[in-house]
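Enquirer: Submitted below is the structure of interest, expressed as structure tokens.
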Amino acid sequence: MIRQYELIERIRAYNPDADELLINRAYVYAMVQHGNQVRASGDPYFSHPLEVAGILADIRLDSASIITALLHDTVEDTDATLNDIRRMFGSEVARLVDGVTKLSRIESQSTRTRQAENLRKLVLAMSQDIRVLLVKLADRLHNMRTLHFVSGEEKKRRIAAETLDIYVPLAERIGMQHWKEDLEDRAFAVLQPEARRNIVQRLELLDRERGDQVGQIIGALSQALNDAGLGAEVTGRRKRPHSIHTKMQRKDVSLEQVSDIMAFRVVVDTEMQCYEALGHLHAAYRAVPERFKDYLSNPKENGYRSLHTVLIGPDGHRIEVQIRNREMHEFAENGAAAHWLYKQEGGGVDGRQYEWVQQFLDILESASSPEEFLSHTKMQLFPDQVFCFTPKGDLKALPAGATLVDFAYAIHSEVGDRCAGGRVNGRQMPLRTELHNGDRVEIVTANSLRVTPEWDRFVVTGRAKAHIRRHVRLRRREEFIKLGRQLLDAEMREAGHVWRERQLAPVAVGRELDSPEDLLAAVGDGRIPAREVVRALYPEAPVDADTETVVSIERARRRRGERPRPLLIRGVIPGLATHFARCCHPIPGDRIVGIITTGKGVTVHTDECLTLESFSHTPERWIELDWEDEPEQERPGHVGRMRLTAANKPGTLAHVASLIAGNQANISNLKFVNRQPDFFDILIDVEVNDTRHLNEIMAALSARPEIASVKRAKR
Ligand code: MN
């Protein structure tokens, strides 16, 4: 366990202005709060926040982050409240601690790894200050380092899988290469112990056969540079078992055939010396052709700079060497954090804590590769979405502004229709309550329908709107039926007839209506005068000239010979033509609604389609639709549209086409929309079975290096 003064010394070494008093106060406060709590290892609990603070000191973070690390579990696991923290350590620390606490709560709710992508987004959306994410990652790192103490194989595997699914990609995205590898290898040890043991044993065998290769090569490289009069720091390491494993898998080779299981690094003082060192090394050892890369004059998109080369090393084996100066080295190791460190030099640290976050965001903003960097790293990246949990821990992604009622409908239409109340994070809240990221939402349902027209004023999802409006329509219909019955009854009495409802069936058929009730509703809403029904039943009565004024849309359509298409959709109206909207290209798996257009029939839109807004004033035109559950192979080809941004290189399009064909899909249309010298955008229509099929294709495409982004095209 690090001692108090050791921690302070480590911090002072890089930050002489650190708030020593406040750090000490946090140290003592956390120690007292955690009291007698112990870790699975048997160590006092306090050793954990202390180690987390140590990890952050290693990457030279500011005082507020260190203090947050010391306090990060106090609100969740002790009597301490956020108010206590704010009073004692200020609002900045309180805000950071609150962020980390919220992330920890999410963690305990999530159970399903297939929602990893959503969870990663949620974690990013909730760590609005990147320091929250850094503290959380350091917390996870220490927990992974002590995972072997945790009892229960199942629990260990769950934590390791979550680390791999959620935290490894996040560490990578913000450039924390070091942490990424550490987390990844420790998860690997838990999830695939056999594979890892195998690699470790073979590495040990290599050591016995060849001795300390890393040490020998470091010596030889240093010697070569020293002889040339260049002072350089040479380090080397064997790659982690996990990355060796990945290489073996990817190239399908044995460990002995993996050429670069060792990586060496030469760190010099200036940029110019990088080239000097490269020259000396190439003079002393043979360089492998075409493996030299100059990321110094051509930095990677995330700002990474270095010279890379591969040499035939002193023992005749290939070795990978990276050459860089100190600043580049910091950036390569600690991405986000290093950037802060270098920008801070020459200025005081405290009082400028926010600036580096902003600068980091600026870099991301100007980065040119959206997939690799910008889209995965920017905080508050998903302002148009909120992520909430069901009581079972399932994650629901909803549009921003979604309410309890939207959430209820997102679970199931039955739940929405019967939703009587709800609890957000355990507290009873009104149905109109807007949801926030990470909310845990519980819906209380009644036995009877609870839908009211008022809901329509605050719900935001198309799905909720369609259901609510349908109920409003149904209710109105019932009122019309009641009214129609009264009108007809009065008319019948006047004509001296006694009548029964079942007499109306043939009249309804004559009018191409489905049932006597439909006829009554038509009478109630004025489409068919009651007198006309009486006359149809008792035709001896004289006929007025102006009776045939109502011609149903239905009949007009049939006269034109339109036939319903055999669609695998529930809820379509027989006799009405149905087609898919070209704005959003719905395919099975999307949530859908129908819009009735006079003379056109029903247009099927996705639930999220923006076009739907223009129909919000005409609820009577909305109908509820759903896909039939059909076996996949019987689904006709549905056209989904993708927008692709790809490098403008020869062969790119051929790759795209063969990849789509390889996924059993046809390209039905392809259109260039934006052709630049370096990149182009294309809209591709593909015939697919459903969203899963399309998603598989999109995943395969986005894995190609020449493709910058792939999205569903909504317009
Ligand atoms: Mn913790």
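The values are calculated or read from the model by the stated rules, or taken from the named source; none is laboratory data. Every value quoted in this text rests on a predicted model; they were computed, and no experiment measured them. For neighbour counting, all protein chains shown are included, and Cβ atoms are generated from backbone atoms with ideal geometry for every residue, glycine included. To get the accessible areas, we keep the full protein, side chains included, count just its heavy atoms, and leave off ligands, DNA and RNA. Shrake-Rupley method; radii C 1.70, N 1.55, O 1.52, S 1.80 Å.
Enquirer: Between Thr270 and Arg704, what's the calculated FRET efficiency when r is the beta-carbon distance and R0 is 35 Å? Round to 0.05.
Expert: Approximately 0.40, to the nearest 0.05.
Enquirer: Amide H of Ile569: which non-local residues (sequence gap of 5 or more, or other chain) have their own amide H closer than 5 Å, using H built in the peptide plane?
Expert: Glu628
Enquirer: Carbon-plus-sulfur fraction of the accessible area of the stretch 4-191, 1.4 Å probe, in percent?
Expert: Looking at the stretch 4-191 in its full context, I get 46 percent from C and S.
Enquirer: I would also like to ask the following. Using the Karplus curve 6.51 cos²θ - 1.76 cosθ + 1.60 with θ = phi - 60°, work out ³J(HN,Hα) for each residue of the stretch 607-614 in order, rounded to whole Hz, and write x for Gly and Pro.
Expert: Here the 3J(HN,Hα) series is 3, 9, 4, 6, 4, 4, 4, 6 Hz.
Enquirer: Separate question: Label Asp17 and Lys293 with points 7 Å out from Cα along Cα→Cβ: what is the distance between them in nm?
Expert: Computed distance between label sites Asp17 and Lys293 equals 3.7 nm.
Enquirer: I would also like to ask the following. Along Cα→Cβ, 7 Å out, is where each label goes; now give me the distance between the ones at Asp626 and Glu454 in nm to one decimal.
Expert: Those two pseudo-labels are separated by 2.8 nm.
Enquirer: I need the shape label for the stretch 641-715. Rule: rounded when a/c is under 1.5, else prolate if a/b > b/c, else oblate, with a, b, c from the alpha carbon gyration tensor.
Expert: Here the stretch 641-715 falls in the prolate category.
Enquirer: Normalised by the number of residues in the stretch 207-341, what is the relative contact order in percent for Cα pairs under 8 Å and 6+ residues apart?
Expert: Computed over the stretch 207-341, the figure is 23 percent.
Enquirer: Which aspartates and glutamates have a Cα less than 17 Å from the Cα of Lys293, not counting those fewer than 8 places away in the same chain?
Expert: Asp260, Glu271, Glu276, Glu301, Glu320
Enquirer: For Glu434 paired with Gln503, estimate the spin-label separation in nm (one decimal), with each label point 7 Å from Cα along the Cα-to-Cβ line.
Expert: 5.8 nm
Enquirer: Let me ask something else. Through the Karplus equation 6.51 cos²θ - 1.76 cosθ + 1.60, θ set to phi - 60°, convert the phi angles of the stretch 217-229 into ³J(HN,Hα) values in whole Hz; use x for Gly and Pro.
Expert: Taking θ as phi minus 60°, the curve returns 5, 4, x, 5, 5, 4, 4, 4, 6, 4, 4, 7, x Hz for the stretch 217-229.
Enquirer: How many angstrom lie between the C-alpha centres of the stretch 11-79 and the stretch 178-211?
Expert: One Cα centre to the other: 31 Å.
Enquirer: For the pairs Lys121/Lys711; Lys392/Lys465; Lys396/Lys711, note any where the Cα-Cα span goes beyond 24 Å.
Expert: Cα-Cα > 24 Å for Lys392/Lys465; rest within.
Enquirer: Largest first, please: the extent of the C-alpha atoms of the stretch 4-191 along each principal axis, to the nearest Å.
Expert: For the stretch 4-191, the Cα extents along the three principal axes come out at 44, 34, 31 Å.
Enquirer: As I understand it, the dipole of the stretch 4-191 uses +1 on the Cβ of Lys and Arg and -1 on the Cβ of Asp and Glu, about the Cα centre. Which of Gln177, Tyr27, Ala161 lies farthest toward its positive end?
Expert: Checked the options; the winner is Ala161.
Enquirer: Continuing with the same structure: Quick query: amide H of Arg712 versus all other amide H atoms, modeled in the peptide plane; which residues come in under 5 Å with a sequence gap of 5 or more or a different chain?
Expert: Arg643
Enquirer: Long-range amide H contacts for Asp590: which residues qualify at under 5 Å (H placed 1.01 Å from N, peptide plane, sequence gap of 5 or more or a different chain)?
Expert: Close amide H contacts, sequence-distant or interchain: Thr691.
Enquirer: Want the number for Gln37 to Lys649: 0.36 nm per residue separation, take away the alpha-carbon distance, what's left?
Expert: That works out to 214.3 nm of additional length.
Enquirer: Moving on to the next point. Rounded, prolate or oblate: which fits the stretch 207-341 when a ≥ b ≥ c are the square roots of the eigenvalues of the alpha-carbon gyration tensor, with rounded for a/c under 1.5 and prolate only if a/b beats b/c?
Expert: Verdict is oblate for the stretch 207-341.
Enquirer: Let me ask another. Can you list the residues of the stretch 160-194 with backbone N under 16 Å from a point 7 Å past the Cα of Val200, pointing along Cα to Cβ?
Expert: Under cut-off, by backbone N: 182-194.
Enquirer: Can you compute 3J(HN,Hα) from phi for each residue in the stretch 419-429, using the Karplus curve 6.51 cos²θ - 1.76 cosθ + 1.60 with θ = phi - 60°, rounded to whole Hz and x for Gly and Pro?
Expert: Ordered by residue, 3J(HN,Hα) equals 6, 10, x, x, 10, 10, 6, x, 10, 5, 9 Hz.
Enquirer: Taking 0.36 nm per residue of separation and subtracting the Cα-Cα distance, what length does fully extending Arg427 through Val150 add?
Expert: Roughly 96.4 nm would be gained on extension.
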